[in-house]
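The values are calculated or read from the model by the stated rules, or taken from the named source; none is laboratory data. The model shown is predicted, which means the values in this text are computed figures rather than measured ones. As a convention, Cβ positions derive from the backbone with ideal geometry for all residues, glycine included, and neighbour counts pool all protein chains shown. For the accessible areas, the whole protein counts, side chains as well, though only heavy atoms, and no ligand, DNA or RNA atoms are used. Shrake-Rupley method; radii C 1.70, N 1.55, O 1.52, S 1.80 Å.
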Amino acid sequence: MTDKLIIFDTTLRDGEQSPGASMTKEEKLRIARQLEKLGVDVIEAGFAAASPGDFDAIHAIAETIKDSTVCSLARASENDVRRAGEAIKPAKRGRIHTFIATSPIHMQHKLRMTEDQVVERAVQAVKWAREYTDDVEFSAEDAVRSEMNFLVRVFDAVIQAGATTLNVPDTVGYSVPALWGERFRELIARVPNSDKVIWSTHCHNDLGMASANSLAAVMNGARQVECTINGLGERAGNASLEEIVMAVKTRRDIFTCDTRIDTTQIVPTSKLVSSITGYPVQPNKAIVGANAFAHESGIHQDGVLKHRETYEIMRAEDVGWSTNKLTLGKLSGRAAFRSRLQELGIVLDGEEALNAAFARFKELADRKSEIFDEDLQSLVSDEFVSQFCEHFRLVAMRAHSETGILPKAQVTLSVGGEEASAEMQGGGPVDATFKAIEQIVHSGTELLLYSVNNITSGTDAQGEVTVRLSKGGRIVNGQGADTDIVVASAKSYLNALNKLHSSGERAHPQV
Ligand code: KIV
Ligand code: ZN
């Protein structure tokens with residue numbers, strides 16, 4: 001008998017708490033659609049009380065998604081819970097996830113509340129949430145450093161108030177697998193009516209053990225794992241969805257549960273999240289890293305050729321690694337373009353957006369003979385960028401570099417509809433380009449990160465550039481792709497400036 005393991009994806013909420021990973025409503029919708037296709041059970045779509053923008057994104061996801069439960073986070077306050085309740089209202093299946101800290105250190109220094117007050121507030125929050133939905137999750141924040149007797153008391157009280165899922169977070173990534181498993185065993189044994197609820201684990205990766213701890217919880221009765229694509233999340237991130245799902249699938253001999261994830265969608269989802277958030281995936285990352293299925297040593301290669309299972313415990317194609325799929329070329333028409341986008345699950349908003357994306361495709365096909373699925377994904381990302389937030393737009397640019405001469409760049413931008421140009425020298429063509437942009441916009445931002453990745457292989461591949469800018473405590477990532485990496489760099493810089501320009505202030509759930 002195998003139990004169902006509920007996969008609760010929090011890429012759009014905890015994942016978005018990674019520095020610079022904030023996403024627009026349209027970007028969140030694209031990820032939510034892909035998560036639905038991947039087969040996640042619950043999508044934590046955000047924290048509704050954070051800002052009107054966050055509320056709108058959750059509401060739009062709740063309207064769109066049919067096959068996954070859509071959830072909003074809420075602190076244990078009446079305003080938060082009611083905002084969450086309103087945001088998930090259109091959902092076919094909606095959940096409110098409310099939380100309060102239960103550890104002495106958080107109660108004393110952060111909340112300045114007594115144990116009695118915390119229990120009372122937790123119970124009240126669950127009751128407010130039950131006014132909107134029967135599916136209410138309660139989390140005891142910093143459960144890892146909470147006293148067992150108090151945890152038992154809080155969980156008992158919230159079950160009586162109507163919570164249906166109890167989440168036990170290792171908020172600070174402090175636990176180790178043996179202790180985390182033990183914590184679940186004891187909670188499930190001691191909390192009255194523990195068999196009437198789903199026990200959930202939410203682990204952070206500060207000591208690199210988020211996935212191992214989550215799996216230890218599963219071995220001791222947890223039947224929901226909270227995780228993110230690529231392990232994105234606050235600080236060192238959360239448990240990786242791909243690691244949890246593939247561990248359970250690959251080690252059926254030790255896990256007595258299974259998920260409903262379509263594992264062939266794992267790599268496409270990882271790529272989408274990476275390209276939208278600007279967080280590259282390290283090459284040696286389990287499952288989704290570029291080297292995860294690459295055999296370097298001659299002995300290993302020989303073994304795999306003779307009998308694949310000598311060195312492979314999973315098959316690359318089972319997690320969605322296909323060799324780059326050649327899809328379209330210069331002569332492909334609009335119908336073929338539209339149909340490939342549909343096959344990739346990409347929905348463009350109306351004929352105008354499709355026409356604009358098709359024009360970009362033709363332009364790219366003039367420079368690059370083979371167009372792969374990855375190129376289409378990035379092309380469409382550009383389309384989303386231009387549709388929704390182009391206060392700053394690249395009109396034209398020219399960069400010059402020559403041995404022995406200081407590189408220079410000329411840039412013409414449209415800023416709020418007005419064109420302006422500048423020419424600057426720099427240490428390299430990218431430096432000169434960024435200086436020319438700054439000469440026009442005077443953004444006052446600090447560049448925290450600059451990185452280039454190739455989208456597909458070959459020297460004619462598109463380069464995907466990520467920049468991270470910071471201003472007044474706010475951090476954003478920008479992306480841009482082009483076969484010319486200096487142009488890609490300019491696009492990514494402008495994308496980041498546009499995000500800073502358009503996004504307003506937001507509250508952080510755990511502050
Ligand atoms: O890490 C944490 O404790 C959280 C809670 C809000 C569940 O993200
Ligand atoms: Zn968390």
Have a look at the range 19-71 and give its Rg and Dmax from the Cα atoms, expressed in angstrom.
-> 10.4, 30
Mind listing the long-range amide H neighbours of G173? Cut-off is under 5 Å, sequence gap 5 or more, other chains count too, H placed in the peptide plane at 1.01 Å from N.
-> H204, D206
Rounded to a whole %, the carbon-and-sulfur portion of the accessible area of the chain at a 1.4 Å probe is 50
Extending each Cα 7 Å along its Cβ direction at K330 and H400, get the distance between those two points in nm, one decimal.
-> 3.0
How far, in degrees from 0 to 90, does helix 78-87 lean away from the longest principal axis of the Cα atoms of the chain, to the nearest 10?
-> 60
Overall form of the range 230-328 per C-alpha gyration tensor (a/c, 1.5; a/b vs b/c) | oblate
Express the accessible area of the chain per residue in Å², computed with a 1.4 Å probe while the remaining protein chains stay in the model.
-> 43
Could you list the square roots of 5 times each eigenvalue of the Cα gyration tensor of the range 350-502, that is, the equivalent ellipsoid semi-axes, sorted largest first and rounded to whole Å?
-> 23, 20, 15
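Taking the Cβ of H202 as the center, what net charge do the other residues with Cβ under 9 Å away carry, scoring Lys and Arg +1 and Asp and Glu -1? Write down the numbers at each step before the final one.
Numbers: positive: none; negative: D14, D170, E226.
Result for the local shell: -3.
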Sorted from largest down, give the three principal axis spans of the alpha carbons of the chain, whole angstrom values.
-> 73, 59, 45
Could you work out how far helix 148-161 tilts from the main Cα principal axis of the chain, as a 0 to 90 degree angle to the nearest 10?
-> 90
The chain, helix-only ellipticity at 222 nm - DSSP H runs n ≥ 4, -39,500 (n - 2.57), divided by all residues, nearest 500 | -12000 deg cm²/dmol
Give the Rg (one decimal place) followed by the Dmax (whole number) of the range 200-288, computed from C-alpha coordinates and expressed in Å.
-> 12.6, 37
Angle between the chain longest axis and helix 52-64 axis [Cα atoms, degrees, rounded to 10] = 80
With a 10 Å radius around each residue's Cβ, average the other Cβ atoms per peptide and rank 473-479, 373-379, highest first.
-> 373-379, 473-479
At R0 = 41 Å, FRET efficiency that the Cβ-Cβ distance of R185 and K37 yields, to 0.05 | 0.70
The range 21-129: relative contact order as a whole-number percent, Cα under 8 Å and 6+ apart | 22
Gyration tensor on Cα atoms of the range 84-167, a ≥ b ≥ c root eigenvalues, a/c under 1.5 rounded, else prolate if a/b beats b/c, else oblate, says prolate
Report the net charge of residues surrounding I440, where surrounding means a beta-carbon distance below 11 angstrom and charges are Lys +1, Arg +1, Asp -1, Glu -1.
-> -3
Inter-centroid distance (Cα atoms) of the range 268-283 relative to the range 467-511, Å = 16
Can you give the percent of C-alpha pairs in the range 10-155 whose distance is more than 28 Å?
-> 21
